[in-house]
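The values are calculated or read from the model by the stated rules, or taken from the named source; none is laboratory data. Note that the coordinates shown come from a computational prediction; the quantities given were computed from them, not determined experimentally. Please note: Cβ atoms are built from the backbone with ideal geometry, for glycine as well, and neighbour counts cover all protein chains shown. Just so you know, the surface numbers come from the protein's heavy atoms only, side chains and all, with ligands and any DNA or RNA stripped out. Shrake-Rupley method; radii C 1.70, N 1.55, O 1.52, S 1.80 Å.
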Amino acid sequence: MAHDAPQIAAGQEPGDGPLRADGASLALRASEYVLLAAVVAGFLDTLRFAAYYIPLRFAVDYQEGSDLLAALRITHGQTPYPSVGHFPYIMNVYGPVYYYAVAPLVKWFGPSFTAPRLFVLASGLAATLFLVLLLRRWTKSWMIALGFGLLFPAVALVRDWIYVLRVDFFGLALTLAGLYVFVTRRRLVWPALLFVAALFAKITFLAAPIACFFFLMVGGERSDSGDTQQSTSAKSSARRPAWRFAAWMLAFGIGGLAALGLATRGWGLFQIFLTHADPYSFSHYVSVIGHFVWVDAALLVAVAALAVRDFRRREFSLPLIYFVLASVMTLTAGKFGSASNHLLEWQAAMCLAAGCGYQSLRKRPRPVAVLALIPVGIVVLVLLGLSESLQLNPDLTGCEAAYRYAAQQPGALLSENPGAAVLSGKKVWLSSSFEYAFLGKAGRLDERPLAQLVEQRFFGVILLNDDLPELERRAAQPLAPETIWPPAFVTALAQNYHPVARFACLGANVAFEPDPRPKGAQDSTADK
């Protein structure tokens, strides 16, 4: 049956919904322009933070040193996944796609954090671009696409991570690219390939491919609106593309895992899947996500509007499915070593669903003053982030001095700060004390060789986060998540090393050097 084309008022975009030229509608339009101005200001502020942190010559996050080492090993023709069954302990917990993407930058520009951080920033900008393109396609409104798309890099959560050398933005860019290709292209092989590439960057990027599979299973048509638009009789036939999409995903995934296992003799699979031995705590999850649920209240209201629309239509839109599954994946933030970076995909999915939800509200006649509360709430969210001043974390102010000290000292270096070990130009004996500790507690790694090297005073300098009394206090207590170093290591350190310098640098606060006394003079347990 033919339908008449909707009548669109002059100056109104196709997806803008019924707007009247009265004062209330003009006020709503004004609130949207204020929203757009606020998110642009927030986006520029994010770039300002990135410009400050990217050139820093030390790690601003513990993971940066490990990731730089993995890329550096690739440039030297080595695998990023060596055996962890013996010393040294090199552990890289993310997928090979990420490490091999960063490696050329390390080869061209040398071992530093600047070029890889720029790559992370570019990945974040690419993710933002795909958000804007998806919103434009689904809402037909550039105002909503730019307002809710640029909101992503404007919020404090994204600003605090977009300059850090970690996998999240690279994986998110691949995920959103896969989602955009899924919506705009008929062939399912290409989004499947992009989704698998994202999973081979970080295995937690499961929400988008599962959302696409579920969307196809319930009869969703990859249309401009992202809604299910097929008749009941057509839904059964739509399941064939769903299974075809799943087949492509499985083919790429299983093939990639098999190739990785063969190339690394199984150690790549071990490091990606079995090194996350830290405990899970729901209270830790609540502490991570609770703050962001509150600050994103206006966005969640718009998401709720999309859910109500879908419920009334008895359908499942792709943006809502993706948001629900991304919300489920935030549960990974409950791992002891997890932080707010586990919420980045959730924030992106929220921007998508909120933009579509807001557009659904604009299409329905309702009090304009109530609708304007959503842009106003988002403006407040952005302004709260803008109120924070740009300053270096006090726990990092001494890192340049600590790194310089580590490079100048003779002999081998053991560092709880991986960046100091990597940039010292010396052999890295331990890439991540965190994974080392919890693998040892889980019985997947032998802790004794490291303690034996400390007993032998093998290391010319040891950089740790805590001083000796704190290390001894923790080692004497029952095993707990915060107990990083085992008692044998702490005992060997106390008997053979002494503190010589202190720095304000996380993971390298205290420097220990070997005792000058002859070995065994005051240590009856030492080798004779």
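Table for the structure above
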quantity: Output for the range 260-273, where each listed residue is open to solvent by less than 60 Å² (accessible area, probe 1.4 Å) and farther than 16 Å from A198 by Cβ; calculated: G261, T264, G266, G268, L269, F270, Q271
quantity: Long-range neighbours under 7 Å by Cβ, at least six apart or interchain, first residue open to solvent by 10 Å² or more (accessible area, probe 1.4 Å) within the range 132-148, second polar (S, T, N, Q); calculated: W138/S225
quantity: Conditions (1) touching a residue at least 60 places away in the same chain (Cβ under 8 Å); (2) in contact with a Pro (Cβ under 6 Å, 6 or more places away or on another chain): number failed by A353; calculated: (1)
quantity: Selection within the range 136-151 - outside any helix (DSSP H, G or I) and among the basic types (K, R); calculated: K140
quantity: Residue list for the range 331-346, restricted to those being farther than 23 Å from L320 by Cβ and outside any loop (DSSP other than H, G, I, E, B); calculated: G334, K335, S340, N341
quantity: Pairs, first polar (S, T, N, Q) in the range 406-423, second open to solvent by 50 Å² or more (accessible area, probe 1.4 Å) and in a helix (DSSP H, G or I), C-beta under 9 Å, six or more apart; calculated: N417/Y62
quantity: For F336: the one exception among (1) closer than 27 Å to F438 by Cβ; (2) at pLDDT 95 or above; (3) of a type in the set (F, W, Y); calculated: (2)
quantity: Residue, farthest from the chain's Cα centre (by Cα), within the range 169-182, restricted to residues that are open to solvent by less than 10 Å² (accessible area, probe 1.4 Å) and touching a residue at least 60 places away in the same chain (Cβ under 8 Å); calculated: L179
quantity: Residue match in the range 57-67 (condition: touching a residue at least 12 places away in the same chain (Cβ under 8 Å), more than 17 Å from S432 (Cβ to Cβ) and open to solvent by 20 Å² or more (accessible area, probe 1.4 Å)); calculated: yes
quantity: Wholly within the range 11-123, helices (runs of 4 or more DSSP H) carrying at least 3 residues that are at pLDDT 95 or above and under 22 Å from A201 (Cα atoms); calculated: 62-75, 96-109
quantity: Residue that is nearest to the chain's Cα centre (by Cα), among those in the range 454-473 that are assigned to a helix (DSSP H, G or I) and surrounded by fewer than 19 Cβ atoms within 10 Å (Cβ to Cβ); calculated: E470
quantity: Selection within the range 474-520 - assigned to a helix (DSSP H, G or I), at pLDDT below 90 and crowded, with 18+ Cβ neighbours inside 10 Å; calculated: A475
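Conditions tested, residue by residue: (1) among the acidic types (D, E); (2) open to solvent by less than 20 Å² (accessible area, probe 1.4 Å); (3) touching a strand residue (DSSP E or B) at 6+ places or on another chain (Cβ under 7 Å); (4) not in a helix (DSSP H, G or I).
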{"residue": "A348", "(1), (2), (3), (4)": "no, yes, no, no"}
{"residue": "A353", "(1), (2), (3), (4)": "no, yes, no, no"}
{"residue": "C356", "(1), (2), (3), (4)": "no, yes, no, no"}
{"residue": "V380", "(1), (2), (3), (4)": "no, no, no, no"}
{"residue": "A401", "(1), (2), (3), (4)": "no, no, no, no"}
{"residue": "Y405", "(1), (2), (3), (4)": "no, no, yes, no"}
{"residue": "P410", "(1), (2), (3), (4)": "no, no, yes, yes"}
{"residue": "L414", "(1), (2), (3), (4)": "no, yes, yes, yes"}
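This table checks each residue for (1) modelled with pLDDT under 95; (2) touching an Asp or Glu at 6+ places or on another chain (Cβ under 7 Å); (3) surrounded by fewer than 14 Cβ atoms within 10 Å (Cβ to Cβ).
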{"position": "A207", "(1), (2), (3)": "no, yes, no"}
{"position": "I210", "(1), (2), (3)": "no, no, no"}
{"position": "G220", "(1), (2), (3)": "yes, no, no"}
{"position": "S223", "(1), (2), (3)": "yes, no, no"}
{"position": "Q230", "(1), (2), (3)": "yes, yes, no"}
{"position": "A242", "(1), (2), (3)": "yes, no, no"}
{"position": "L250", "(1), (2), (3)": "no, no, yes"}
{"position": "G290", "(1), (2), (3)": "yes, no, yes"}
